[in-house]
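Below: one structure in structure tokens.
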Amino acid sequence: MAKTHAIRFHQFGGPEVLRWEEVETGSPGPGQVLVRHTAVGLNYVDTYQRTGLYPVELPFVPGSEGVGVVEDVGPGVMHLRVGDRVGYPNANGWGYAERRLIEADRLVILPKEIDDRTAAAALLKGCTVYSLLHLVYPVGRDTTLLIHAAAGGIGLIFCQWARHLGATVIGTVGSDEKAQLARANGCDHTINYRTEDFVARVKEITGGKGCDVVYDSVGKDTFPGSLDCIRTRGMWVSFGQSSGKVPPFDVGLLMQKGSLFMTRMSLRHYAATRPELEGATGALFDVLAKGIVKIGPRQEFPLSKAADAHRALEARATAGATVLMP
């Protein structure tokens, strides 16, 4: 049985539960390939799994996105060969490993002009942004929107792409430095939530009308304020909970705030089929190749030091994307 090293946890808890261990990978079965990782993306969902907020079976190897090279191919795999550079945006674990088995139909071949670090920084986040802007709520020139955590890994991609679509982009950030970074990446108006009332500022910016749509990956700390930023019959898109879960609420609140629409989005439901996966990654590779969206990891950690990366992420000490290097 082939062996490799991976970050694994045997109990839920803080970053200290992450262990660098020798694990078995096995050989690829029908429809599978063995991938040697060259770069792995860090995402908030990894911390949700580690803490038990998203329950997983223990022991568990976290990591939802990664890129690497195909080292072995199982029976029935026709579109991939040994040596292909590949990536995936939405696997359920096993990203934090030097090598892994994965279903071949969840992999896409990387364009030669996109390097491994950029791909690892962009795949899950970029496919999520594509879904948010094109599928969850189609954004265009007449759209005024609010994005929380505008200087985060998803936020910086989001601001650039939304600006390209012609939207008016309002973003919340946690510092003046992050405000400057968000503006440099397409955010028209920034709000430092540590020093400003973001609801009042949104009302001021929009002349009292509110936004067409609010994209919220923060959760508890921005609820119910996010609802007060939305125009009548606008939409609240929840797609994360970095500050904790949104508390239970009476659905009548959506009526009271203006007959609002609400959705809780997950990429796994927007890139579930092969055509959906190819559509999302194809659109992402296109905006990267054209320079519409520029991305590079702003932080880098050894994969074996993933606990340090989790600490930095949860302390909001990062900006943009972070990658883990095997």
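Coordinate-derived values only; no laboratory data. Everything numeric here is computed off the predicted structure, so don't read it as measured data. In this analysis, Cβ positions are derived from the backbone assuming ideal geometry, glycine residues included, and neighbour counts consider all displayed protein chains.
Dipole size in debye (nearest 20) for the range 264-308 around its Cα centre, Lys and Arg Cβ +1, Asp and Glu Cβ -1?
120
Pop out the ³J(HN,Hα) list for the range 99-112 in order, Karplus 6.51 cos²θ - 1.76 cosθ + 1.60 with θ = phi - 60°, rounded to Hz; leave Gly and Pro as x.
For the range 99-112, the Karplus-derived couplings read 9, 8, 8, 7, 5, 4, 6, 9, 9, 10, 6, 7, x, 5 Hz, x marking Gly and Pro.
Where the centroid of each part is defined by its Cα atoms, how far is the range 67-139 from the range 189-265 in Å?
The range 67-139 and the range 189-265 have Cα centres spaced 32 Å from each other.
Pick out which of D142, D308, D212 has the largest mean-square fluctuation in a Gaussian network model of the chain, springs linking Cα atoms closer than 10 Å.
Greatest mean-square fluctuation among the candidates belongs to D142.
So which GluC sites (Glu not before Pro) in the range 60-140 pass both tests, a DSSP loop state and at most 11 other Cβ atoms within 10 Å of the Cβ?
E113
While we're looking at this one, here's another question. Show which aspartates and glutamates lie in cross-link reach of K203 when reach means a straight Cα distance below 20 angstrom and same-chain residues fewer than eight apart are skipped.
D142, D188, D212, D216, D221, D228
By the gyration tensor of its Cα atoms, with a ≥ b ≥ c the square roots of the eigenvalues, what is the shape of the range 228-326: rounded for a/c under 1.5, prolate for a/b over b/c, or oblate?
Because a/c hits 1.5 or more and a/b fails to exceed b/c, the range 228-326 counts as oblate.
If amide hydrogens are placed 1.01 Å from N in the peptide plane, which non-local residues have theirs closer than 5 Å to the one on L260?
Result for L260 returns R233, M255.
Considering the chain, what Rg and Dmax in Å follow from its alpha-carbon atoms?
19.7, 64
Which value in deg cm²/dmol, rounded to the nearest 500, describes the helix-derived mean residue ellipticity at 222 nm for the chain, given -39,500 (n - 2.57) per DSSP H run of n ≥ 4 and division by the residue count?
My calculation for the chain gives -7500 deg cm²/dmol from helical runs alone.
Considering amide H positions built from the backbone, and no H for Pro or chain starts, which residues 5 or more places from I147, or on another chain, come under 5 Å of its amide H?
Close amide H contacts, sequence-distant or interchain: I170, G171, T172, Y215.
If the only charges are +1 at each Lys and Arg Cβ and -1 at each Asp and Glu Cβ, what is the size of the charge dipole of the chain around the Cα centre, to the nearest 20 debye?
440
Quick one: Karplus J couplings for the range 256-263, per residue in order, coefficients 6.51, -1.76, 1.60, θ = phi - 60°, nearest Hz, x for Gly and Pro?
So the J values, rounded to whole Hz, are 4, 7, x, 6, 7, 8, 9, 9.
Please list the non-local residues whose amide H lies under 5 Å from the amide H of I230, H modeled 1.01 Å from N, same-chain partners needing a gap of 5 or more.
Here the answer is C211, since their amide H atoms fall under 5 Å of that of I230.
So what are the ³J(HN,Hα) numbers for the range 222-234, from phi and the Karplus equation (6.51, -1.76, 1.60; θ = phi - 60°), rounded to whole Hz, Gly and Pro as x?
10, 10, x, x, 4, 5, 6, 9, 10, 5, 4, 6, x
Only four residue types carry charge here, +1 at the Cβ of Lys and Arg and -1 at the Cβ of Asp and Glu. Report the dipole size of the range 115-222 about the Cα centre in Debye, rounded to the nearest 20.
80
Among the trypsin sites (Lys or Arg not before Pro) in the range 215-247, which ones are in a DSSP loop with at most 16 other Cβ atoms within 10 Å of the Cβ? Mind listing them?
Those that pass, being in a loop and sparsely packed, are K245.
For the range 1-135, calculate the relative contact order in percent as a whole number, restricting contacts to Cα pairs under 8 Å that are 6 or more residues apart.
28 percent.
Of the listed pairs K3/K178; K245/K290; K3/K305; K257/K290, which have alpha-carbon separations greater than 30 Å here?
K3/K178; K245/K290; K257/K290
Further, regarding this structure: Could you list the trypsin sites (Lys or Arg not before Pro) in the range 131-216 that lie in coil according to DSSP, counting only those with at most 16 other Cβ atoms within 10 Å of their Cβ?
R141, R194, K209
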